[in-house]
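Participant: Next up is a structure, given as structure tokens.
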Amino acid sequence: MTQTAPVPRGQAAPPVLELAGVVKEYPGDPPVTALAGVSLRVGQGELVAIVGPSGSGKSTLLHVMGTLERPTSGAVRIAGQDTSAMSDTQLSGVRARRLGFVFQQFFLLDGMSVLDNVANGLLYRGGRASERRRLAEAAIERVGLSHRAGHRPNQLSGGEQQRTAIARALVGRPALVMADEPTGNLDTATGASLLDLLRELHRDGTTIVVITHDHDVAAAMERRIEIRDGRIIRDTPTGT
């Protein structure tokens, strides 16, 4: 496993995530600019919402932050590591060891139990199956689903499926968890319960960035970054 180099005494630790002048363009005549010079830093232990209307660039920003897409120009650094010169294999390693993803659609495998779905979050790290299952059990307990570990996704409520997805994102103890519209497929009460879980995980030390169009969700975070037309127009603490 890749180890993070110790930070010299007196020197601040690098941010968990840093974007510097990131531009993302898609081919066209003229080209479509989805991100237009985005710069931001997310420090260890922050709870951040990135909010904006449909078409504002939120999803593209998530993909670039998570190294799922490469920027056209600019730099993306994960825990101080510049990803711009990394190969696809190296980027896969960064995602496997440092990043966790939670998507609106859950993306659980129907034929597998909750335990196996969560353990699959460690496949790219290798290691023994018994160790993956041990870590999965701990992650499932952390999100309050131990009593459902043997159930399959079609036996779970929407909220339980999303908690399973969160456990899968957390199982490798990543530096950063990114959630894309995590309450989008849930009713109001279940969505509120998921927000409570995210805040609880944050209090335990997890760094979380939530992508959302819902201003109520954004207000529940500790920092709100507003994006429009591919640019950050506001970056403020919410006072939560």
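Participant: Can you compute log10 of I(q)/I(0) for the chain with the Debye formula, treating each Cα as one identical point scatterer, at q = 0.16 Å⁻¹?
Facilitator: -1.20
Participant: Follow-up. His215 versus Thr236, label points 7 Å from Cα toward the beta carbon: distance in nm?
Facilitator: Using points 7 Å along Cα→Cβ, the separation is 1.0 nm.
Participant: I would also like to ask the following. Using a cut-off of 9 Å between beta-carbons, work out the net charge of the residues near Val38 (Lys and Arg +1, Asp and Glu -1, Val38 not included).
Facilitator: Counting the neighbours of Val38, the net charge comes to +2.
Participant: Just grab the label-to-label distance for Glu141 and Asn154, each label 7 Å out from Cα along the Cβ direction, in nm (one decimal).
Facilitator: Each label point is offset 7 Å from its Cα along the Cβ direction, giving 3.1 nm.
Participant: Quick one: of the DSSP bridges fully inside the stretch 78-237, what percent are antiparallel, nearest 5?
Facilitator: Bridges in the stretch 78-237 that DSSP calls antiparallel: roughly 45 percent.
Participant: Which of Thr207, Thr89, Thr33 moves the most in a Gaussian network model of the chain with Cα springs under 10 Å?
Facilitator: Thr89
Participant: Testing the spin-label approximation: label points 7 Å from Cα along Cα→Cβ at Asp29 and Ser130. State their distance in nm.
Facilitator: 6.3
Participant: Can you check what the net charge comes to around Asp235, using other residues whose Cβ is under 9 Å from the Cβ of Asp235 (Lys, Arg +1; Asp, Glu -1)?
Facilitator: Once positives and negatives cancel, what remains is +2.
Participant: Would you be so kind as to identify which of Tyr26, Ser193, Val94 lies farthest towards the positive end of the dipole of the chain, taking Lys and Arg as +1 and Asp and Glu as -1 on Cβ and the Cα centre as origin?
Facilitator: Result: Val94.
Participant: Nearest 500 deg cm²/dmol is fine: what mean residue ellipticity at 222 nm does the chain get from its DSSP H runs of n ≥ 4 alone, each adding -39,500 (n - 2.57), divided by its residue count?
Facilitator: Mean residue ellipticity at 222 nm (helix-derived): -9000 deg cm²/dmol.
Participant: Right, next: Cβ under 15 Å from Ala79's Cβ, Ala79 left aside: what net charge do those residues give with Lys, Arg +1 and Asp, Glu -1?
Facilitator: +3
Participant: Still on this model: Send over a whole-number figure in Å² for the accessible area per residue of the chain, probe 1.4 Å.
Facilitator: On the way: 11880 Å² over 240 residues.
Each residue of the chain exposes 49 Å² on average to a 1.4 Å probe.
Participant: OK, next. From the residues Ser113, Gly126, Ser73, which one has its Cα farthest along the dipole of the stretch 69-211 in the positive direction, the dipole being from +1 and -1 charges on Cβ of Lys/Arg and Asp/Glu about the Cα centre?
Facilitator: My answer, from the dipole projection, is Gly126.
Participant: Calculate the radius of gyration of the Cα atoms of the stretch 105-240 to one decimal place, then report Dmax, the largest Cα-Cα distance, as a whole number, both in Å.
Facilitator: 15.6, 47
Participant: Need one word for the stretch 1-120: rounded, prolate or oblate. Basis is the Cα gyration tensor (sqrt eigenvalues a ≥ b ≥ c); a/c below 1.5 gives rounded, then a/b vs b/c decides.
Facilitator: Judged from the Cα gyration tensor, the stretch 1-120 comes out oblate (a/c at least 1.5, b/c at or above a/b).
Participant: Among Leu91, Leu115, Leu17, determine the one that fluctuates most according to a GNM of the chain built with springs between C-alpha atoms less than 10 Å apart.
Facilitator: Of Leu91, Leu115, Leu17, the Gaussian network model singles out Leu91 as fluctuating most.
Participant: Output the 0 to 90 degree angle, nearest 10, between the alpha-carbon long axis of helix 188-203 and the longest principal axis computed from the alpha carbons of the chain.
Facilitator: Helix 188-203 sits roughly 80 degrees off the main axis of the chain.
Participant: Here is a follow-up. With springs only between Cα atoms under 10 Å apart, run a GNM on the chain and tell me which of Glu18, Glu69, Glu46 wobbles the most.
Facilitator: Looking only at Glu18, Glu69, Glu46, the largest GNM fluctuation is found for Glu69.
Participant: About its Cα centre, how strong a charge dipole does the chain have in debye, to the nearest 20, once Lys and Arg get +1 and Asp and Glu get -1 at the Cβ?
Facilitator: Here the size comes out at about 780 debye.
Participant: Moving to a separate point now. What size of dipole, in debye to the nearest 20, comes out for the stretch 6-90 about its Cα centre when the only charges are +1 on Lys and Arg C-beta atoms and -1 on Asp and Glu C-beta atoms?
Facilitator: 260
The values are calculated or read from the model by the stated rules, or taken from the named source; none is laboratory data. Because the structure is a prediction, the values reported are computed rather than measured. Backbone-built Cβ (ideal geometry, glycine too); neighbour counts: all protein chains shown. When the accessible area is computed, the model is the full protein with side chains, heavy atoms only, and any ligands, DNA or RNA have been set aside. Shrake-Rupley method; radii C 1.70, N 1.55, O 1.52, S 1.80 Å.
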